[in-house]
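Here's the structure, in structure tokens; my notes come after.
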Amino acid sequence: MARWRVRSGTLEDYLLKNEKNNMSKVVKEGTRNAKYASLDYEVLKYNEEIDLSVLKVNLHTGRHHQIRVQLSSRGHSIYADQKYGGRGHGKQIALWAYELTIQHPITKEMVTFRSIPEFVGSWKILEDIKLMNV
């Protein structure tokens, strides 16, 4: 885990999906079948006592397990992500789509949905963050 050295930034990688084990990994540019992946992140909170960070992530691309792979490749696995090396075995993975904006299939208007998890279990760390203003 460890604290993020840079509080915000952009992660850019090439990801390759393994169909046999349903996992993706970061590979070198030019690797056959690899796809470009980009996201922005911002550290909203760091809890030193439990060595956990809360991040806001904005995806520019939507690759297979993108957030999980890009974070874990830098030593910052998502809490309770057994597939990509997170601690917290047996817990719910601490990955949540707070906001999703899509184009309505009929009206073609952009529609935004927001949701926050209850502040229990893995999500208790969010208690003092004003998520609706993020």
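Here residue 98 meets each of (1) over 26 Å from residue 50 (Cα atoms); (2) hydroxyl-bearing (Ser, Thr, Tyr); (3) surrounded by 13 or more Cβ atoms within 10 Å (Cβ to Cβ) with one exception, condition (1). Listed by first and then second residue, the pairs linking a residue in region 120-134 that is among the small types (Gly, Ala, Ser) to a residue that is surrounded by 13 or more Cβ atoms within 10 Å (Cβ to Cβ) and at pLDDT 75 or above, with Cβ atoms under 7 Å apart and 6 or more places separating them unless they lie on different chains, are 121/91; 121/92; 122/79; 122/80; 122/88; 122/91; 122/92; 122/94.
Table: residues versus (1) surrounded by 11 or more Cβ atoms within 10 Å (Cβ to Cβ); (2) in a loop (DSSP other than H, G, I, E, B).
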residue: 30; (1), (2): no, yes
residue: 39; (1), (2): yes, no
residue: 43; (1), (2): yes, no
residue: 61; (1), (2): yes, yes
residue: 67; (1), (2): yes, no
residue: 113; (1), (2): no, no
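Answer yes if at least one residue in region 67-77 is over 30 Å from residue 128 (Cβ atoms) and of a type outside the set (Val, Ile, Thr), and no otherwise. No, region 67-77 has no match at all. Just one of (1) modelled with pLDDT under 90; (2) of a type in the set (S, T, N, Q); (3) farther than 18 Å from residue 47 by Cβ trips up residue 73, so point out which. Unmet for residue 73, out of (1) modelled with pLDDT under 90; (2) of a type in the set (S, T, N, Q); (3) farther than 18 Å from residue 47 by Cβ: (1). Considering only residues that are at pLDDT below 80 and under 28 Å from residue 22 (Cβ atoms), look in region 79-124 and name the one that is nearest to the chain's Cα centre (by Cα). Checked region 79-124; the qualifying residue nearest to the chain's Cα centre (by Cα) is 86.
The values are calculated or read from the model by the stated rules, or taken from the named source; none is laboratory data. A quick note: this is a predicted structure, and the numbers were derived from the prediction, not measured. FYI the Cβ positions are ideal-geometry reconstructions off the backbone, even for glycines, and counts take in every protein chain you see.
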